[in-house]
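Okay, so here's the structure we're looking at.
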Amino acid sequence: NAGVTQTPKFQVLKTGQSMTLQCAQDMNHNSMYWYRQDPGMGLRLIYYSASEGTTDKGEVPNGYNVSRLNKREFSLRLESAAPSQTSVYFCASSEAGANEKLFFGSGTQLSVL
Amino acid sequence: AQKVTQAQTEISVVEKEDVTLDCVYETRDTTYYLFWYKQPPSGELVFLIRRNSFDEQNEISGRYSWNFQKSTSSFNFTITASQVVDSAVYFCALSEARGNNNDMRFGAGTRLTVKP
């Protein structure tokens, strides 16, 4: 039962470097999300994709780009990493609809030095 | 946009005590959904419960119960006879019904520590 799989689990970057966080789900869900979790801030939505081929900004999209490669995969890219992007990143997926619960990956701990 | 406030940052109780985690929300929509998630020390978030805005019935599931009151815009979570395994960060979340979009917003979370 893989569910939502994120890679990598840990990453250290230098300021200005770029990287892509990968996420895949095997539940045939239409919707996928990227959140970041910071102390005292809870989870904040970066981007989401309601269905294959669509993406929308969340609360904190600046400095990030996303790609919904196909129904299974939703990647998050940091083009030029900044220390303010040090965080734990979670990918999630759900059936379509505001009433649907989210299924989360195990998270990626990212440090930008 | 919707907003969720969890005013309690950290709570510490002794095993077998009852504890209530508060959640207050703001939304302009009449149709919305409220959720609670648990994040144990392992880090992965786990869904606990969902409530829609038209269903104010309280719910009980074992030692867990939820009190939804639209009049005070609150959706509080009570753990009865707490156990060490309940130690986790608990998040309340709100999603407004807008087509197929699920723009779920979370509160800051409450870290619950249950001591033996």
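The values are calculated or read from the model by the stated rules, or taken from the named source; none is laboratory data. Keep in mind that what you see is a predicted model, and the values were worked out from it rather than measured. Don't worry about glycine lacking a Cβ; one is built from the backbone with ideal geometry, like all the others, and counts go over all protein chains shown.
The residue list A:Gln6, A:Gln37 contains one member that is within 14 Å of chain B (Cβ to nearest Cβ), within 20 Å of B:Asp103 (Cα to Cα) and at pLDDT 95 or above, which is A:Gln37. If you filter the range B:95-107 down to residues that are more than 17 Å from A:Val60 (Cβ to Cβ) and modelled with pLDDT of 85 or more, you find that the one that is farthest from the other protein chains (Cβ to nearest Cβ) is B:Glu96.
Among the residues of the range A:35-58, those that are closer than 21 Å to A:Gln11 by Cβ and assigned to a strand (DSSP E or B) comprise A:Tyr35, A:Arg36, A:Gln37, A:Asp38, A:Leu43, A:Arg44, A:Leu45, A:Ile46, A:Tyr47.
In the range A:59-113, how many residues are of a type in the set (S, T, N, Q), within 27 Å of B:Thr27 (Cβ to Cβ) and either assigned to a strand (DSSP E or B) or in contact with a Cys (Cβ under 6 Å, 6 or more places away or on another chain) (or both)? Before you say what the answer is, go through the steps one by one.
Here is the first cut: in the range A:59-113, the residues of a type in the set (S, T, N, Q) are A:62, A:65, A:67, A:70, A:75, A:80, A:84-87, A:93-94, A:99, A:106, A:108-109, A:111.
Next, only the ones that are within 27 Å of B:Thr27 (Cβ to Cβ) stay: A:62, A:87, A:93-94, A:99.
Going one step further and asking which of them are either assigned to a strand (DSSP E or B) or in contact with a Cys (Cβ under 6 Å, 6 or more places away or on another chain) (or both), we end up with A:87, A:93-94.
Residues flagged as of a type in the set (S, T, N, Q), within 27 Å of B:Thr27 (Cβ to Cβ) and either assigned to a strand (DSSP E or B) or in contact with a Cys (Cβ under 6 Å, 6 or more places away or on another chain) (or both) within the range A:59-113 amount to 3.
Of everything in the range A:24-63, what is of a type in the set (D, E, K, R), surrounded by fewer than 20 Cβ atoms within 10 Å (Cβ to Cβ) and under 19 Å from B:Phe35 (Cα atoms)? Give them in sequence order. Spell out how you get there, then give the answer.
Here is the first cut: in the range A:24-63, the ones of a type in the set (D, E, K, R) are A:26, A:36, A:38, A:44, A:52, A:56-57, A:59.
Now narrow it down to the ones that are surrounded by fewer than 20 Cβ atoms within 10 Å (Cβ to Cβ): A:26, A:38, A:44, A:52, A:56-57, A:59.
Those that are of a type in the set (D, E, K, R), surrounded by fewer than 20 Cβ atoms within 10 Å (Cβ to Cβ) and under 19 Å from B:Phe35 (Cα atoms): A:Arg44, A:Glu59.
Annotation: B:Phe68 fulfils all but one of (1) away from chain A (no Cβ under 12 Å); (2) surrounded by fewer than 17 Cβ atoms within 10 Å (Cβ to Cβ); (3) assigned to a strand (DSSP E or B); the unmet one is (2). Of all the criteria given as (1) farther than 26 Å from A:Ala2 by Cα; (2) surrounded by fewer than 17 Cβ atoms within 10 Å (Cβ to Cβ), the one not satisfied by A:Ala81 is (2).
Scanning the range A:1-38 for residues that are without any contact (Cβ under 8 Å) to a residue 60 or more places away in the chain and more than 15 Å from the chain's Cα centre (by Cα) yields A:Asn1, A:Ala2, A:Asp26, A:Asn28.
Among residues that are more than 11 Å from the chain's Cα centre (by Cα), surrounded by 13 or more Cβ atoms within 10 Å (Cβ to Cβ), farther than 30 Å from A:Thr108 by Cβ and within 14 Å of chain A (Cβ to nearest Cβ), B:Thr80 is not included.
For the range B:29-38, the count of residues that are away from chain A (no Cβ under 12 Å), exposed (fewer than 15 other Cβ atoms within 10 Å of the Cβ) and without any contact (Cβ under 8 Å) to a residue 24 or more places away in the chain is at least one.
Considering only residues that are more than 26 Å from A:Thr15 (Cα to Cα), surrounded by 16 or more Cβ atoms within 10 Å (Cβ to Cβ) and at the interface with chain B (Cβ under 7 Å from one of its Cβ atoms), which ones fall in the range A:94-113? Passing the criteria: A:Ser94, A:Gly97, A:Ala98, A:Asn99, A:Glu100, A:Lys101, A:Leu102, A:Phe104. With respect to (1) at pLDDT below 95; (2) of a type outside the set (Asp, Glu); (3) in contact with a Gly (Cβ under 8 Å, 6 or more places away or on another chain), the lone exception for A:Gly97 is condition (3). Please indicate, with yes or no, whether at least one residue in the range B:8-17 is under 26 Å from A:Asp38 (Cα atoms), outside any loop (DSSP other than H, G, I, E, B) and at the interface with another protein chain (Cβ under 10 Å from one of its Cβ atoms). Within the range B:8-17, not a single residue is under 26 Å from A:Asp38 (Cα atoms), outside any loop (DSSP other than H, G, I, E, B) and at the interface with another protein chain (Cβ under 10 Å from one of its Cβ atoms). Could you count how many residues in the range B:73-92 are in a helix (DSSP H, G or I) and either aliphatic (A, V, I, L, M) or touching a Pro at 6+ places or on another chain (Cβ under 8 Å) (or both)? Counting residues in the range B:73-92 that are in a helix (DSSP H, G or I) and either aliphatic (A, V, I, L, M) or touching a Pro at 6+ places or on another chain (Cβ under 8 Å) (or both) gives 2.
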